[in-house]
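These notes are about the structure you will find just below.
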Amino acid sequence: MHDGSVATLSAVIDHYESCGATDPAFVVFQTDGSPTSKAATEHVLCTAARLPIFWQFVGFGDDEFRFLHKLDDLPVPGRRVVDNAGFFAAGTAPSSISDADLYDQLLQEYPQWLTAARAAGIVRG
């Protein structure tokens, strides 16, 4: 994530809002560590919970990814309208993860988000 994380998250949000999309978006965000501006990153993610965007963070390397675990576990409704993020650590050898396991990990929290986002009126249909 590092220094560009807030800008990257904001760019995704800006693109989604400006293109007129209404379907849910599934964003895979790959990183090797925590951002410099953790508070700003957390704020952007919490603000984005009102949008039909699910953020799947994937950590590469041997970092403990404490901040990404924190983003994944931010309280609902205390901090976010719905839980709009997931996280898994791909480790130092991500190519050793089978395709089936990779997709299971990527999509593990998405169905719950979709249900919650529909119930909250964030996703229609």
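The values are calculated or read from the model by the stated rules, or taken from the named source; none is laboratory data. This one's a predicted model, so the numbers in the text were calculated from it and none came from an experiment. As a convention, Cβ positions derive from the backbone with ideal geometry for all residues, glycine included, and neighbour counts pool all protein chains shown. Ligands, DNA and RNA are stripped out before the accessible areas are found, and what is left, the full protein with its side chains, is counted by its heavy atoms. Shrake-Rupley method; radii C 1.70, N 1.55, O 1.52, S 1.80 Å.
So here's what we get for this one:
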read-out: Rel. contact order, % - alpha carbon contacts under 8 angstrom, at least six apart, the chain; value: 25 percent
read-out: Test item: Cα-centred dipole of the stretch 32-103, Lys/Arg +1 and Asp/Glu -1 on Cβ, debye; value: 460 debye
read-out: Per residue solvent-accessible surface (Å²) - the chain, probe of 1.4 Å; value: 54 Å²
read-out: Potential lengthening between Ile97 and Ala7 on full extension [0.36 nm per residue; Cα-Cα distance subtracted]; value: 29.4 nm
read-out: Heavy-atom accessible surface of the chain: percent carbon and sulfur, 1.4 Å; value: 53 percent
read-out: Estimated Rh, the stretch 31-125: Kirkwood, alpha-carbon pairs, angstrom; value: 14.0 Å
read-out: Cut-off 16 Å, label 7 Å out along Cα→Cβ of Gln112, residues of the stretch 40-56 by amide N; value: 54-56
read-out: Most to least packed among 114-120, 18-24, 50-56 [average Cβ atoms within 10 Å]; value: 50-56, 114-120, 18-24
read-out: For Ala85, distant residues with modelled amide H under 5 Å away; value: Trp55
read-out: ³J(HN,Hα), Karplus 6.51/-1.76/1.60, whole Hz, each residue of the stretch 12-19, x for Gly, Pro; value: 5, 4, 4, 5, 4, 5, 7, 8
